[in-house]
1. Could you run through region 152-170 and say how many residues are in a loop (DSSP other than H, G, I, E, B), open to solvent by 60 Å² or more (accessible area, probe 1.4 Å) and in contact with a helix residue (DSSP H, G or I) (Cβ under 8 Å, 6 or more places away or on another chain)?
2. Which one of GLU200, GLU94 is in a loop (DSSP other than H, G, I, E, B), open to solvent by 70 Å² or more (accessible area, probe 1.4 Å) and either modelled with pLDDT under 85 or out of contact with any Ser or Thr (no Cβ under 7 Å at 6 or more places or on another chain) (or both)?
3. Just to be sure I understand, how many residues within region 73-112 are under 30 Å from ASP63 (Cβ atoms), of a type in the set (Val, Ile, Thr) and in contact with a helix residue (DSSP H, G or I) (Cβ under 6 Å, 6 or more places away or on another chain)?
4. Give the residues of region 146-197 that are closer than 25 Å to ASP23 by Cβ, modelled with pLDDT under 90 and small (Gly, Ala, Ser), sorted by residue number.
5. If you take the residues in region 33-60 that are open to solvent by 90 Å² or more (accessible area, probe 1.4 Å) and under 16 Å from ARG79 (Cα atoms), which one is nearest to the chain's Cα centre (by Cα)?
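The values are calculated or read from the model by the stated rules, or taken from the named source; none is laboratory data. What you are looking at is a predicted structure, and each value in this text was computed from that prediction instead of being measured. Backbone-built Cβ (ideal geometry, glycine too); neighbour counts: all protein chains shown. The area values use the complete protein model at the heavy-atom level, side chains included, leaving out ligands, DNA and RNA. Shrake-Rupley method; radii C 1.70, N 1.55, O 1.52, S 1.80 Å.
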Amino acid sequence: MKARSCVLWLAGLCWVGSLPAQDPAVEDRLTRIEGQIRDLLAAQAEMQKRMAGLVRELSELRDQVRSGTGDYATQADLRRLADAVQEVDRKRREDYQKIAQEIQQLAKVLSSANPPTRTSPPAPEERTSRRRSTSPDAGGPVEKGYEYVVKPGDTLHAIVQAYREQGVNVTVAQVLKANPGLNPNRLQVGQKIFIPLPAE
């Protein structure tokens with residue numbers, strides 16, 4: 001039962017490790033740790049296989065002694081078999097300790113990495129308005145909407161999706177049209193983006 005829960009937990013950590021990393025060094029460390037964990041799991045599986053074989057041999061010897069057929073095992077044979085089982089069990093415990101240490105290191109690496117931030121749009125009362133014309137004294141039509149300041153980890157799609165979740169039905173195309181020259185692939189932290197309020 002412990003082995004099954006350990007494997008499930010490791011699978012979860014491996015899935016987390018597959019998320020895009022903020023830093024190539026962190027991603028490299030995660031890859032190395034995942035490789036070490038896979039090696040440890042493979043070694044553990046091999047030890048368990050060997051231990052199962054030894055247990056099977058011991059069971060067969062007991063059956064032979066009970067039935068009175070076949071060669072009898074001597075006390076020395078049984079002692080060697082018991083020693084081998086103890087050795088396999090000792091190595092299994094060492095493997096569990098190594099896996100636990102690797103998991104702790106992985107948790108430290110993951111906690112030190114910057115988690116991606118969720119884009120949160122301003123509340124509806126923070127509406128701003130602006131004139132469509134770039135000239136300050138031009139009397140063009142007034143455009144209503146929100147002004148959003150780009151935060152670390154933001155993408156234009158995520159910003160638009162966050163506004164849509166707040167009930168502002170705007171599209172990426174509308175935001176690009178309202179912000180001439182905006183490159184959606186090169187958003188900079190602190191950059192201001194005008195989010196137009198669609199006409200009702």
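1. Adding up the residues that qualify gives 1.
2. Exactly one of GLU200, GLU94 is in a loop (DSSP other than H, G, I, E, B), open to solvent by 70 Å² or more (accessible area, probe 1.4 Å) and either modelled with pLDDT under 85 or out of contact with any Ser or Thr (no Cβ under 7 Å at 6 or more places or on another chain) (or both), namely GLU200.
3. 2
4. Answer for region 146-197, where residues must be closer than 25 Å to ASP23 by Cβ, modelled with pLDDT under 90 and small (Gly, Ala, Ser): just GLY153.
5. For region 33-60, the residue satisfying everything is ARG56.
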